[in-house]
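The values are calculated or read from the model by the stated rules, or taken from the named source; none is laboratory data. Not measured: the values here are computed from a predicted model. Cβ placement follows ideal geometry from the backbone for every residue including glycine, while neighbour counts extend to all protein chains displayed. Accessible surface is based on the protein model in full, side chains and every heavy atom, while ligands, DNA and RNA are left aside. Shrake-Rupley method; radii C 1.70, N 1.55, O 1.52, S 1.80 Å.
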Amino acid sequence: MLRRVALVYNETGGAWDHVLAEGSLVSMPRRTPPGMALQLNQPVLVPVVSEDVAVDYAIALGGVRLAPVVTGRSMLVVPLSARGTVLGILKLLRLPDRAPFDESDAATLKELAVRAALSLDNARLHRAEARVATTLQRSMIPTRPPQIPGVQIAHRYLPGDPKAEVGGDWFDAIQLPGSRVALVVGDVMGHGLHSAAAMGRFRTAMQTLAALDLPPGQLLRHLDNLAHKLGDDHLATCLYAVYDPINRTCELASAGHVPPVLVHPDGSGELLEIPAGAPIGVGGVPFVAKTIDVSDGSMLVLCTDGLVEVRGGDIGAGLAALCGNLIDPRQSPEQACDVVLKRLHSDDRKDDVALLVARFDGVAPSEVATWDLTVDHREVRRARSLVREQLAGWHLEALSDTTELLVSELVTNAVRVARDRVQLQLIRVDKLLVEVSDDNHTRPSLEPAEQLGETGRGLTLVTKLAERWGTARKAVGKVVWFELPLPHA
């Protein structure tokens, strides 16, 4: 089966519209000249179409009325073949009063068909690559923002001009220990499948490094070193920010990225001055972080340059508009995203747009309890007592037995390996979050139950009784955490 994609004919050559239409599907039996050209992948020259051949040809096209129009003409059928694949055919018919096609015509038109076939195949491969790149990029971009205590997050991604290739924009929100959250926006330079694949590598590496809980400046340095080790020839701009809802601080570092905008609770916007650094992949340039205090109700706006670049203008004009009274801090992040895109985005923009808006609500001091413990096994009993008293103060006695048991196991493990410091922290938000930190970098691992003796069953209990749990390295040491759902009122 073939689809007719183009049709041109002389108006005096007869009525063709009744059987030939662009876009229609046709079958080509082997016995017809087009069918032979498809099967043999060679030009087929018919000096004069006989009545029998014309009838077979007309029937194949679905209209016997075409036979009289074809009879007596000269026909040349040339396959459209590229890279070993026959994509279609080029059929030519001459008027009866003209000289028939000859071998010279066939050779000339075969060369024309080869060039046409290569152009068609290149377009087909380009479209396939664009679809793969788009699928790859979309599969690696978050579809819904995570639910993290103390912060509300919304994001948007808009592709650029459909005629252009897909870009390498990405964003992320990663939950860290202590109810902190890492906010990421990046942009791989270039377009196409390779840029989308590079974006996937950068995003995966970023998530892995974020799990190590590195400071923003160090994280970007590790990401830059990793890009060189992998031999990645793509450059990427990136902004990495860590918000602490308990201390109400935000630490940011940039790798040549568009600076973020902080919208204060009164609605005024501030373009944050962060050391710009250089794009990931350049190498040899330090990444300097900056820490700012943020008030509850503030919003942080992160975006890629596709949002603020104005054709024929400076990027500063777009940033100035973003810093204007564009966002009402009383709005939700979802509403803020809609407002920003409505005001700043236009249909004639060529580049992709990634936008992430985070509202900082903080965690009230009354919802956090922190204790420093000494490296002494007697502290395990004290930890249970502290947990019991705190949960009673929060009216969460229903969680006391399970929490005490799990805290006892984790503090016992921490005291066994710590050198100088152990810390216990309880956070009550939409769940109960418990963290036990120590200054030993070695993270515990969950062992099969049949391989355990009388000791080493602590993490097995955590796995069975906690809703979620995990472990992560910190700048100094590690943290083991677990979550329990709050009882229904």
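Brief remarks follow.
- When 67, 130, 123 are checked against the criterion of being open to solvent by less than 80 Å² (accessible area, probe 1.4 Å), over 22 Å from residue 10 (Cβ atoms), at pLDDT below 85 and part of a helix (DSSP H, G or I), a single residue qualifies: 130.
- Scope the stretch 462-476; condition closer than 17 Å to residue 404 by Cβ and in contact with a helix residue (DSSP H, G or I) (Cβ under 6 Å, 6 or more places away or on another chain); matching residues: 462, 465, 469
Yes or no, residue by residue, for (1) in the same structural domain as residue 181 (by the TED database); (2) in a loop (DSSP other than H, G, I, E, B); (3) in contact with a Phe, Trp or Tyr (Cβ under 8 Å, 6 or more places away or on another chain); (4) surrounded by fewer than 19 Cβ atoms within 10 Å (Cβ to Cβ):
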| site | (1), (2), (3), (4) |
| --- | --- |
| 196 | yes, no, no, no |
| 201 | yes, no, no, yes |
| 217 | yes, no, yes, no |
| 226 | yes, no, no, yes |
| 242 | yes, no, no, no |
| 258 | yes, yes, no, no |
| 276 | yes, yes, no, yes |
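- None of 356, 410 is of a type outside the set (Ser, Thr, Tyr), within 38 Å of the chain's Cα centre (by Cα) and in the same structural domain as residue 214 (by the TED database) except 356.
- Of all residues in the stretch 81-104, those satisfying the criterion of being under 22 Å from residue 7 (Cβ atoms) and under 52 Å from the mean Cα position of the chain (by Cα) are 81, 82, 86, 87, 88, 89, 90, 91, 92, 93.
- The stretch 362-374 residues that are without any contact (Cβ under 8 Å) to a residue 60 or more places away in the chain, paired with ones that are assigned to a helix (DSSP H, G or I) and open to solvent by less than 40 Å² (accessible area, probe 1.4 Å) (beta carbon under 6 Å, 6 or more apart): 371/386; 373/379
- For the stretch 29-48, a tally of residues being open to solvent by less than 50 Å² (accessible area, probe 1.4 Å), under 20 Å from residue 110 (Cα atoms) and in a loop (DSSP other than H, G, I, E, B) returns 2.
- Subset of the stretch 431-489 that is of a type in the set (Asp, Glu) and either over 33 Å from the mean Cα position of the chain (by Cα) or open to solvent by 60 Å² or more (accessible area, probe 1.4 Å) (or both) - its residue that is modelled with the lowest pLDDT: 454
- Qualifying residue in the stretch 71-88 (condition: in the same structural domain as residue 7 (by the TED database), modelled with pLDDT of 90 or more, open to solvent by less than 30 Å² (accessible area, probe 1.4 Å) and in a helix (DSSP H, G or I)): no
- Residue 423 vs. criteria at pLDDT 90 or above and of a type in the set (S, T, N, Q): yes
- The conditions of being at pLDDT below 85, among the acidic types (Asp, Glu) and surrounded by fewer than 17 Cβ atoms within 10 Å (Cβ to Cβ) are not met by residue 52.
- Pair list, Cβ under 6 Å, 6 or more apart: the stretch 35-60 residue at negative phi, other residue of a type in the set (Lys, Arg) and open to solvent by less than 80 Å² (accessible area, probe 1.4 Å): 49/73
- Here the helices (runs of 4 or more DSSP H) wholly within the stretch 285-374 that include at least 2 residues being open to solvent by 10 Å² or more (accessible area, probe 1.4 Å) are 315-323, 333-344.
- For the stretch 260-274, taking the residues that are in contact with a Pro (Cβ under 9 Å, 6 or more places away or on another chain) and part of a loop (DSSP other than H, G, I, E, B), the one that is surrounded by the most Cβ atoms within 10 Å (Cβ to Cβ) is identified as 274.
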